[in-house]
Amino acid sequence: MSKITTRSLAEPLALALILEASGYPKPGNVHRTRDYVDLKYEAFLATGIYALKYLEKGVKRGVHPPRRLLIGDLVYGLVRDVVDKARSSNTCLGSSLLLSLLSVSIGRMFSSGLIDLDELESIGVSIIRQTTVYDAVYYYKAIRKAKPSYLKPSDETGEYVNVWDKAYIKKLLEKKHTLYHVLSYSSRFDIVADDALNGFKRGYRGERFLRGRIETHGDLNRAIVETYLYLLSENRDTIVFLKHGGEAAREASMKARQVLDEIIGLDDASWVHRVWQLDQEFYEKKINPGSIADIVAEAIGLYLLRNTIEKGTLF
């Protein structure tokens with residue numbers, strides 16, 4: 001088995017971003033045969049390249065924790081690079097949060113001498129609770145840079161600072177709201193925030209499903225698409241919910257379940273045609289389950305990390 005290094009632990013997470021985007025035909029998402037007007041497949045490839053330095057920095061932070069920042073600036077740095085250097089809209093706001101947290105968690109795990117990937121659940125929970133108000137400031141900066149259309153200045157945020165408030169930095173510092181506090185508020189409706197708070201629970205379920213499908217048929221691309229359908233069938237996508245409402249989100253989950261049930265036992269290439277039909281339907285209706293895609297990237301990252309740790313290979 002090859003030696004484990006900070007780079008070898010960061011590479012699986014960066015590659016996960018590329019593999020998630022490359023899975024086709026993932027219904028409603030950009031993939032290698034489907035672009036959107038302001039969001040191109042090539043931008044997702046660039047995201048994986050840009051991500052490596054931030055994720056390796058995250059692993060190193062897990063080994064030698066700083067006092068003020070844990071993950072917020074990592075999320076912002078990656079989002080900024082994609083927007084500015086790839087000249088793209090948001091490719092990675094949710095996935096960068098999850099993978100940055102994973103990177104720091106895996107560094108913390110190895111610094112303690114553990115080699116059990118399942119220990120990341122409790123480590124991740126501990127780290128997110130240790131985040132500071134400065135992590136929250138940088139997370140807000142990342143959201144403002146990504147400019148997700150589903151978050152609006154008119155949104156009611158109660159005691160929490162609206163991300164579009166011009167005085168957001170001052171108010172966050174005054175309120176002493178850490179990233180943990182902000183995500184706790186968001187987790188009421190946001191599955192990515194909920195997964196970051198609760199030990200990557202959806203990511204682990206996705207990883208187990210992904211591994212099982214690869215063991216069944218050996219086709220990584222198909223397994224990624226099936227994992228996407230599985231996670232969509234089990235969860236209400238945050239972006240679909242915020243953009244189109246609860247009924248549309250429930251219908252997307254129901255259709256994902258129907259298609260998954262139809263293709264799961266097929267032993268030939270006919271599965272692609274049935275999934276492609278749902279992809280076309282979602283594309284025409286502008287149904288884009290982007291939060292599920294973020295969880296899929298997390299699941300792929302866990303899959304590749306486990307392979308790296310237990311076998312010394314990615315695949």
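Values quoted throughout were computed directly from the atomic coordinates according to the rules given, and no laboratory measurement underlies them. Keep in mind that what you see is a predicted model, and the values were worked out from it rather than measured. Here the Cβ positions follow ideal geometry from the backbone for every residue, glycine too, while neighbour counts run over all protein chains shown.
Over the chain, with a Gaussian network built from C-alpha contacts below 10 Å, which listed residue (Gly77, Gly265, Gly212) shows the highest mean-square fluctuation?
Gly265
Normalised by the residues of the chain, what does the relative contact order come to in percent, with Cα pairs under 8 Å and at least six apart?
25
Quickly estimate the mean residue ellipticity at 222 nm for the chain, helices only: each DSSP H run with n ≥ 4 gives -39500 (n - 2.57), and the total goes over all residues, rounded to 500.
Numbers: 15 runs with 215 residues, N = 315.
Mean residue ellipticity, 222 nm, calculated: -22000 deg cm²/dmol.
To make sure I understand the rule: partners must be aspartates and glutamates, Cα under 15 Å from the Cα of Lys171, and not fewer than 8 residues away in the same chain. Which ones qualify?
Asp135, Glu159
How much of the calculated P(r) for the chain lies past 36 Å, in percent of all Cα pairs? Display every interim value, and only then the final one.
Working: 6318 of 49455 pairs.
Of the Cα pairs, 13 percent sit more than 36 Å apart.
Which residue fluctuates most in the GNM of the chain (Cα springs below 10 Å): Pro65, Pro12, Pro289?
Among Pro65, Pro12, Pro289, the largest mean-square fluctuation in the Gaussian network model of the chain belongs to Pro65.
So which trypsin sites (Lys or Arg not before Pro) in the stretch 227-315 end up in coil per DSSP with only 14 or fewer other C-beta atoms within 10 Å?
Values: sites: Arg236, Lys243, Arg250, Lys255, Arg257, Arg274, Lys285, Lys286, Arg306, Lys311; in loops: Arg236, Lys286.
Sparse-neighbourhood loop trypsin sites (Lys or Arg not before Pro): Lys286.
Between Tyr185 and Gln277, what length comes free when the chain is fully extended (0.36 nm per residue of separation minus the Cα-Cα distance, one decimal in nm)? Numbers along the way, then the final one.
Working: separation 92, 0.36 × 92 = 33.12 nm, distance 3.65 nm.
Here the answer is 29.5 nm.
If packing is taken as the mean number of other Cβ atoms within 10 Å per residue, what is the order of 293-304, 181-192, highest first?
Ranking, from highest mean packing down: 293-304, 181-192.
Give the distance, in whole Å, between the Cα centre of the stretch 140-169 and the Cα centre of the stretch 84-108.
Measuring centre to centre over Cα atoms gives 19 Å.
Considering the zone a paramagnetic label at Asp267 would reach in this model (a point 7 Å from Cα along the Cα-to-Cβ line), which residues of the stretch 204-231 have amide N under 20 Å from it?
Answer for the stretch 204-231: 212-223, 226.
If you project the alpha carbons of the stretch 3-92 onto the principal axes, what extent comes out on each, in Å, largest first?
The Cα atoms of the stretch 3-92 stretch 41, 29, 19 Å along the principal axes, largest first.
Can you list the DSSP H helices in the chain whose Cα atoms extend at least 15 Å along the helix axis and whose mean Kyte-Doolittle hydropathy is -0.5 or higher?
On the way: long enough: 6-22 (25 Å, 0.90); 41-63 (34 Å, 0.15); 72-85 (19 Å, 0.24); 93-111 (28 Å, 1.37); 133-146 (20 Å, -0.19); 201-217 (25 Å, -1.69); 220-234 (21 Å, 0.44); 246-263 (26 Å, -0.56); 270-285 (24 Å, -1.12); 290-311 (31 Å, 0.59).
Those that pass (Cα extent of 15 Å or more, hydropathy at least -0.5) are 6-22, 41-63, 72-85, 93-111, 133-146, 220-234, 290-311.
Students often forget the sequence filter, so: which lysines lie under 26 Å Cα-Cα from Lys170 once same-chain residues fewer than 8 apart are removed?
Excluding near neighbours in sequence, the set is Lys141, Lys145, Lys147, Lys152.
Taking the chain as a Gaussian network, where each spring joins two C-alpha atoms under 10 Å apart, which residue of Leu229, Leu97, Leu114 fluctuates the most?
Highest fluctuation among the options: Leu114.
Using a 7 Å offset from the Cα along the Cα-to-Cβ direction at both Glu156 and Asp118, what is the distance between the two label points in nm, to one decimal?
4.3
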